[in-house]
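The block underneath contains the structure these notes are about, expressed in structure tokens.
The values are calculated or read from the model by the stated rules, or taken from the named source; none is laboratory data. None of the values given here were measured: they were computed from a predicted structure. Positions of Cβ are generated from backbone atoms using ideal geometry, with glycine treated the same way; all protein chains shown enter the neighbour counts. Note: accessible area is taken over every heavy atom of the protein model, side chains too, but ligands, DNA and RNA are not part of it. Shrake-Rupley method; radii C 1.70, N 1.55, O 1.52, S 1.80 Å.
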Amino acid sequence: MDLLLILTYTAICIAIFKIFKIPLNKWTVPTAILGGIFIVGALVLLMNYNHPYSPFAREVFVTVPINPAVRGIVTEVEVKPNVPIKKGDVLFRLDPTPFEATVQQKRAALVAAELEVPQLEASWNTATASVARAEADRDRTKSAYDRYAKGKKRGGANSPFTELELDNKRQLYLGSEATLSAAKAEELRMRLAFESNVDGVNTKVAGIRAELDKAIFNLEMTVVRAPADGMVTQMLLRPGIVAVPMPLRSLVSFIPDEERYFAGAFWQNSLLRLKEGDEAEVILDAAPGQVFKGRVSQVLPALAEGELQSRGVLVSSMALMPRGRAIVLIELDDHEAKKQFPAGVAGQAAIYTEHFSHVAVMRRVLLRMQGWLNYLFH
């Protein structure tokens, strides 16, 4: 672009020399050259600093890598490439057979677990009855033992109860006490098994319900749907491919239907002049002679050249040497041409700040001249 300005000045000088018939001598030619150096140099400095231009601009957009949440064999590909689709439309399907079998298995296990709940209650009631029976037996044997003990004590040596009989009654009483303890322990175990609940649901039933919900979710994930309005392009997915939920290798790149921006890389010496809302113009390599107007949407607050990450190694000074350019996002005004070109087209951009606005005319002219050159070069 600077070359265009120099060539324009040269053409003006030649025209002036021809029209006014100025002689070419040691005074006129150096004066024109030195004048051009000062005039063009000053204009270039003012223009480049206050109204920056970038030959590196591109329309940027975000793609969503589509991966299935489960592993399976692709059976159907329903989406057509380069055709707009709506959110929720089916992209492709996986073989649901193993997932349907898992769902049926979990449903059967859930029914069995739900039937176990009344069985646990019945077992608890049985254990409670066993405790009552053991208590009655304990009371009976204790009463018999007490009666023999009192009779032995009152009768002394003449007691009709022998030591052997008294010891038998005592052993029966101790045995009934042990039986009662075992019955109470069994009753406690059955009561805890029956009352083991999560939010009012038996723990085993709740666990199998969760497994069933997961199995149903996996079955639903065999149908992969569009996450938003948009389209798929350059689709190479075919039936028979084994789809793996691996984020490093997507099956489909989905382009959501959202606002697209132009990103330009500008020299850092213009950052003090740039701000959001400044007027901007963009020319596209695909649209020679056309100029698209817009506004500065955002000056990105970070440069990739300054990024550091913890990796357990020292940072070389070479990492600090690349200068890098500031990335500026430009939001183009509504224009039908925005839909005529594929996303990602390249071009050039110029930004017009509020400083030295009269110099912006030169930048506008030069930008349009550069757009005309797109008829010949790209």
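Of all residues in region 244-275, which are assigned to a strand (DSSP E or B) and within 19 Å of the chain's Cα centre (by Cα)?
VAL252, SER253, PHE254, ILE255, PRO256
Within region 323-337, is there a residue that is in a loop (DSSP other than H, G, I, E, B), over 30 Å from SER253 (Cα atoms) and open to solvent by 70 Å² or more (accessible area, probe 1.4 Å)? Walk me through it before giving the result.
Step one: list which residues in region 323-337 are in a loop (DSSP other than H, G, I, E, B), which gives 323-325, 333-335.
Going one step further and asking which of them are over 30 Å from SER253 (Cα atoms), we end up with 323.
Those left that are additionally open to solvent by 70 Å² or more (accessible area, probe 1.4 Å): 323.
Looking for residues that are in a loop (DSSP other than H, G, I, E, B), over 30 Å from SER253 (Cα atoms) and open to solvent by 70 Å² or more (accessible area, probe 1.4 Å), one finds at least one in region 323-337, hence yes.
Which condition number does ALA280 fail, the rest of (1) within 24 Å of MET47 (Cα to Cα); (2) open to solvent by 50 Å² or more (accessible area, probe 1.4 Å) being met?
Every listed condition holds for ALA280 apart from (2).
When you go through (1) at negative phi; (2) touching a residue at least 12 places away in the same chain (Cβ under 8 Å) one by one for GLY344, which number turns out not to apply?
(1)
Report the residue count in region 237-270 for those that are among the hydrophobic types (A, V, I, L, M, F, W, C), closer than 22 Å to GLY324 by Cα and open to solvent by 70 Å² or more (accessible area, probe 1.4 Å).
Residues in region 237-270 being among the hydrophobic types (A, V, I, L, M, F, W, C), closer than 22 Å to GLY324 by Cα and open to solvent by 70 Å² or more (accessible area, probe 1.4 Å): 1 in total.
Kindly indicate which of LEU115, LEU172, LEU110, LEU164 is at pLDDT 75 or above and either basic (Lys, Arg) or farther than 30 Å from ILE216 by Cα (or both).
So the residue among LEU115, LEU172, LEU110, LEU164 that is at pLDDT 75 or above and either basic (Lys, Arg) or farther than 30 Å from ILE216 by Cα (or both) is LEU172.
Only one of ARG133, ARG93, ARG58 is at pLDDT below 90 and charged (D, E, K, R). Can you tell me which?
ARG133 is the lone residue from the list that is at pLDDT below 90 and charged (D, E, K, R).
Out of (1) surrounded by fewer than 17 Cβ atoms within 10 Å (Cβ to Cβ); (2) within 31 Å of the chain's Cα centre (by Cα), the odd one out for VAL296 is which?
Going through (1) surrounded by fewer than 17 Cβ atoms within 10 Å (Cβ to Cβ); (2) within 31 Å of the chain's Cα centre (by Cα) one by one, VAL296 breaks only (1).
Contact list please: Cβ distance under 9 Å, first residue in region 293-313 and within 24 Å of ALA349 (Cβ to Cβ) and touching a residue at least 40 places away in the same chain (Cβ under 8 Å), second residue among the β-branched types (Val, Ile, Thr) and in a strand (DSSP E or B), pairs at least six apart or on different chains.
Taking only residues 6 or more apart or on different chains, the pairs are LYS293/VAL282; VAL296/VAL328; VAL296/ILE330; VAL296/ILE351.
Please find, within region 189-212, the residue that is most open to solvent (accessible area, probe 1.4 Å) out of those that are within 24 Å of VAL131 (Cα to Cα) and touching a residue at least 40 places away in the same chain (Cβ under 8 Å).
ARG189
Conditions: (1) outside any strand (DSSP E or B); (2) closer than 18 Å to TYR53 by Cα; (3) acidic (Asp, Glu). GLU305 meets all but one. Number of the miss?
Of the numbered conditions (1) outside any strand (DSSP E or B); (2) closer than 18 Å to TYR53 by Cα; (3) acidic (Asp, Glu), the odd one out for GLU305 is (2).
Limited to region 350-365, what total is found for residues that are of a type in the set (Lys, Arg) and open to solvent by 10 Å² or more (accessible area, probe 1.4 Å)?
1
Residues that are touching a residue at least 60 places away in the same chain (Cβ under 8 Å) and crowded, with 16+ Cβ neighbours inside 10 Å: which strands (runs of 3 or more DSSP E) entirely in region 1-119 hold 3 or more of them?
53-60, 72-77, 90-94
Among the residues of region 339-377, which ones are closer than 15 Å to ALA57 by Cβ and small (Gly, Ala, Ser)?
Selection gives ALA343, GLY344, ALA346, GLY347, ALA349, ALA350, GLY371.
So which residues in region 178-224 are closer than 24 Å to ASN67 by Cβ, out of contact with any helix residue (DSSP H, G or I) (no Cβ under 7 Å at 6 or more places or on another chain) and not in a helix (DSSP H, G or I)?
MET221, VAL223, VAL224
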